[in-house]
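Trainee: Below you will find the structure I want to go over with you.
The values are calculated or read from the model by the stated rules, or taken from the named source; none is laboratory data. Keep in mind that what you see is a predicted model, and the values were worked out from it rather than measured. FYI the Cβ positions are ideal-geometry reconstructions off the backbone, even for glycines, and counts take in every protein chain you see.
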Amino acid sequence: MGEPSPPKSPVVVEAHEVATFQPPEKMFAKHPSKPHLSGLEEYQQLYKESITEPNKFWGRLARELLTWHKDFQTVHSGSLASGDNAWFLEGELNASYNCIDRHAFKDPNKVAIIYEADEPGQGRNVTYGELLREVSKLAHVLTNMGVRKGDTVAIYLPMIPEAVVALLACSRIGAVHSVVFAGFSADSLRDRVIDGGSKVVITTDEGKRGGKLIGTKKIVDEALKQCPDVGHVVVFKRTGADIPMKPGRDFWWHEEVEKWPAYIPPTPVNSEDPLFLLYTSGSTGKPKGVMHTTGGYLLGAAATGKYVFDIHDSDRYFCGGDVGWITGHTYVVYAPLLLGVSTVVFEGTPAYPNFSRYWDIIEEHKVTQFYVAPTALRLLKRAGDQHVRNEMKHLRVLGSVGEPIAAEVWKWYYEVVGKEKAQIVDTYWQTETGSNAITPLAGVTPTKPGCATLPFFGIEPAIVDPVSGEEIHGNDVEGVLAFKQPWPSMARTVWGAHKRYLDTYLHVYKGLYFTGDGAGRDHEGFYWIRGRVDDVVNVSGHRLSTAEIEAALIEHASVAEAAVVGVADELTGQAVNAFVAVKNGVETSDALRKEFILQVRRSIGPFAAPKAVYIVADLPKTRSGKIMRRILRKILAGEEDQLGDISTLSDPSVVEKIIDVVHEAK
Ligand code: WT7
């Protein structure tokens, strides 16, 4: 597609004093050929086509990047206003065929999965040929358990190759996978199994992460006490722990797969048939089962893998995200496998056995693209540059995802990790967008530290005035971020709650998709993501709803009321702080505070635990009973002098008491 960009000066300082970084020249020098696009101009041309002639653009890409069992005639139908978007309507395809078979036929010995176990040196490689056999066998097992096209299977697995096998085995028979992050509690797992209508659960005896054991099967057993519709549990033996197996319900993975042949034909599904559900937090207490469909989602994954990460045939791609979240779905599993490259499945943590773990993996496996959340980078930056001695000379692309990346962390990533020879792509997207939405394209887009830069193909951003709901045109503007056109990998619904889908995303600003984030467009038309404008907090790149944590706290017998707010945190981006008003007669104590934290761990999962709990006499409420979280945020930020008018509170004197409690704790 043309020649690589001519060398450009690496750093240009703008009048606004934000440095612009051109794709580093040294990245081109180590490129296996050249980037898929010749430069910014070609991006602009294609982008224009994707917006003005989306059917032509996406029709072409869908046929180029995916293999269809039956071709489609209609590229797109529906609209954002009516919430009935559908893509590649008559088309039929199979996700696992696209991720495995077509590559296995070409070269069965090519490595599909590079498994890095929690303990260094204990991993293994899985080739495309092996992957086809393992997926086929598990697909037989699921079929034998009664799983049919359209049925939901819950997956509660750590980051092991079998997690990839499980997702693809579901898709091979047209079943819908519903992965639940293996850090969720039994209660959260139960809610998701019930809401998704899962009939089978796939798990391990135990998990192992950062040298610690996680009792996955035990949590599944606990959750399933209240899930009468789950008839079968498949258990992969990861550690060999002695665990109870319920006869007739629980089956060992290794015993079952032995019974079945190593090939099963893929079941073609309609492009709009669901591929998976993935639960995510919203601004209310109940998690949403975001539904993605097959054709559109796969196209988004393949297209962003190709153009954002500039994936080429010989690449080895390492996304540090967990398969329990969307990042793991799209960039550990689907994007790299659709493009037929090797993907690293990493079971451990960046700090185990030491702070060089990521860099050792990158060095050992000659990783070409690395993708991780800023929270991990902050931890590693703080640990010290001495841990980043590795040369990592194959790295071309360094991705960031999940939260804004501070300029100094961005620069550290670029200089210390990338040695100024790899491009940073700060990718903005969401569970609901399915794939990267606003992001630089590696080798193509100039970048600015902390800036998500320009929209991906088909994404037409609007900056909207949150009060009037009007689009704000021009550059140098701030507002909330919305998208004006549908795109193939957008979520189609919230499982069993389509009205909630419409109300949350499509009816906030009629005719637009509302992201829930604030954003600015700078003087050059580049986008800067400012963070959520709703009651969603972002802790270490994990999305948490304050309402959900409040609901968990209120379950405790001593709690009368609770208010949860997100506060800035050096390491985790935001941290959860809880204000709890206890019932009359309950004694305040440290032990009680610990109980409240435990309550959240038990109800949601350890990652949602409040960092601080303040036990107060009462919460600041309006006369109509609405909790004024804004006041609590100000107090925590030490801005007690900027509380504004508190006379509208039903009892303004509670504020003084809360300030005392916070001061005492600090
Ligand atoms: C929210 C989506 C899909 C990625 C993993 C998180 C925030 C995501 C960025 C970024 C600033 C970002 C937004 C978004 N976010 N990427 N590059 N810069 N903020 O997925 O759990 O669905 O959360 O993460 O607030 O709305 P998620």
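Trainee: Could you tell me whether region 119-138 includes any residue that is hydrophobic (A, V, I, L, M, F, W, C), without any contact (Cβ under 8 Å) to a residue 60 or more places away in the chain, closer than 28 Å to residue 211 by Cα and surrounded by fewer than 23 Cβ atoms within 10 Å (Cβ to Cβ)?
Mentor: Yes, some residue in region 119-138 is hydrophobic (A, V, I, L, M, F, W, C), without any contact (Cβ under 8 Å) to a residue 60 or more places away in the chain, closer than 28 Å to residue 211 by Cα and surrounded by fewer than 23 Cβ atoms within 10 Å (Cβ to Cβ).
Trainee: How many of the residues making up region 510-525 are in a loop (DSSP other than H, G, I, E, B) and surrounded by fewer than 21 Cβ atoms within 10 Å (Cβ to Cβ)?
Mentor: Of the residues in that region, 6 qualify.
Trainee: Please pick out the residue among 239, 216 that is over 25 Å from the mean Cα position of the chain (by Cα) and closer than 26 Å to residue 353 by Cα.
Mentor: Values: 216 fails: over 25 Å from the mean Cα position of the chain (by Cα).
Going through 239, 216 in turn, just one is over 25 Å from the mean Cα position of the chain (by Cα) and closer than 26 Å to residue 353 by Cα: 239.
Trainee: Next question, about the same structure. So residue 326 passes all but one of these: (1) surrounded by 24 or more Cβ atoms within 10 Å (Cβ to Cβ); (2) among the β-branched types (Val, Ile, Thr); (3) farther than 23 Å from residue 150 by Cα. Which condition number does it fail?
Mentor: Here residue 326 meets the rest and fails (3).
Trainee: Same structure again: Residues being crowded, with 23+ Cβ neighbours inside 10 Å and away from the ligand (no atom under 13 Å from the Cβ): count how many of those fall in region 363-376.
Mentor: Matching residues across region 363-376 total 4.
Trainee: Let me ask something additional. Identify, from the list 428, 413, the residue that is buried (at least 24 other Cβ atoms within 10 Å of the Cβ) and within 12 Å of the ligand (Cβ to nearest atom).
Mentor: So the residue among 428, 413 that is buried (at least 24 other Cβ atoms within 10 Å of the Cβ) and within 12 Å of the ligand (Cβ to nearest atom) is 428.
Trainee: For region 189-229, enumerate the residues that are in a helix (DSSP H, G or I) and surrounded by fewer than 17 Cβ atoms within 10 Å (Cβ to Cβ).
Mentor: 194, 218, 222
Trainee: May I pose another question? Any residue at all in region 50-71 that is in contact with a helix residue (DSSP H, G or I) (Cβ under 6 Å, 6 or more places away or on another chain), part of a loop (DSSP other than H, G, I, E, B) and free of Cβ contacts under 8 Å to residues at least 40 places away in the same chain?
Mentor: yes
Trainee: Looking at the structure I just gave you, is residue 331 within 13 Å of the ligand (Cβ to nearest atom), aromatic (Phe, Trp, Tyr), surrounded by 23 or more Cβ atoms within 10 Å (Cβ to Cβ) and not in a strand (DSSP E or B)?
Mentor: So residue 331 fits the description; yes.
Trainee: Here's a follow-up. Test residue 479 against the stated conditions and say whether it is away from the ligand (no atom under 12 Å from the Cβ), closer than 29 Å to residue 423 by Cβ and over 19 Å from the mean Cα position of the chain (by Cα).
Mentor: Details: away from the ligand (no atom under 12 Å from the Cβ): yes; closer than 29 Å to residue 423 by Cβ: yes; over 19 Å from the mean Cα position of the chain (by Cα): yes.
Answer is yes for this residue.
Trainee: In region 526-565, what residues are within 13 Å of the ligand (Cβ to nearest atom), part of a strand (DSSP E or B) and among the charged types (D, E, K, R)?
Mentor: 530, 532, 543
Trainee: Scanning region 97-140 for residues that are of a type in the set (A, V, I, L, M) and over 24 Å from residue 201 (Cα atoms), which turns out farthest from the chain's Cα centre (by Cα)? Outline the logic, then answer.
Mentor: First, pick out the residues of region 97-140 that are of a type in the set (A, V, I, L, M): 100, 104, 111-114, 117, 126, 131-132, 135, 138-139.
Retained after the next criterion (residues that are over 24 Å from residue 201 (Cα atoms)): 104, 111-112, 114.
Values: 104: 28, 111: 25, 112: 21, 114: 21 Å.
So the residue we want is 104.
Trainee: Considering region 561-597 alone, what residues qualify as being more than 22 Å from residue 535 (Cα to Cα) and among the aliphatic types (A, V, I, L, M)?
Mentor: 582, 586, 591, 592
Trainee: Next up: Please find, among 469, 450, 458, 418, the residue that is farther than 30 Å from residue 359 by Cβ and either within 16 Å of the ligand (Cβ to nearest atom) or surrounded by fewer than 23 Cβ atoms within 10 Å (Cβ to Cβ) (or both).
Mentor: Every option except 469 fails the conditions.
Trainee: Here is a follow-up. Over 15 Å from residue 527 (Cβ atoms) and either buried (at least 18 other Cβ atoms within 10 Å of the Cβ) or out of contact with any Gly (no Cβ under 9 Å at 6 or more places or on another chain) (or both): is that true of residue 390 in this structure? Give the derivation first.
Mentor: On the way: over 15 Å from residue 527 (Cβ atoms): yes; either buried (at least 18 other Cβ atoms within 10 Å of the Cβ) or out of contact with any Gly (no Cβ under 9 Å at 6 or more places or on another chain) (or both): yes.
Yes; evaluated as a whole, the condition is true for this residue.
To keep it simple, each residue is scored yes or no on (1) part of a helix (DSSP H, G or I); (2) modelled with pLDDT under 95; (3) in contact with a helix residue (DSSP H, G or I) (Cβ under 8 Å, 6 or more places away or on another chain); (4) closer than 20 Å to residue 522 by Cα.
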| site | (1), (2), (3), (4) |
| --- | --- |
| 400 | no, no, yes, no |
| 403 | no, yes, yes, yes |
| 414 | yes, no, no, no |
| 432 | no, no, yes, no |
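Trainee: Looking only at strands (runs of 3 or more DSSP E) that lie completely in region 242-325, which have at least 2 residues being in contact with a Ser or Thr (Cβ under 9 Å, 6 or more places away or on another chain) and on the phi < 0 side of the Ramachandran plot? Talk me through it step by step, then tell me what you get.
Mentor: Details: elements: 250-252, 274-280, 288-293, 316-319.
Fully inside region 242-325 and qualifying: 274-280, 288-293, 316-319.
Trainee: Okay, moving on. Criterion first (over 26 Å from residue 128 (Cα atoms) and either in contact (Cβ under 8 Å) with a residue 60 or more places away in the chain or buried (at least 23 other Cβ atoms within 10 Å of the Cβ) (or both)) does residue 379 satisfy it?
Mentor: So residue 379 passes the test.
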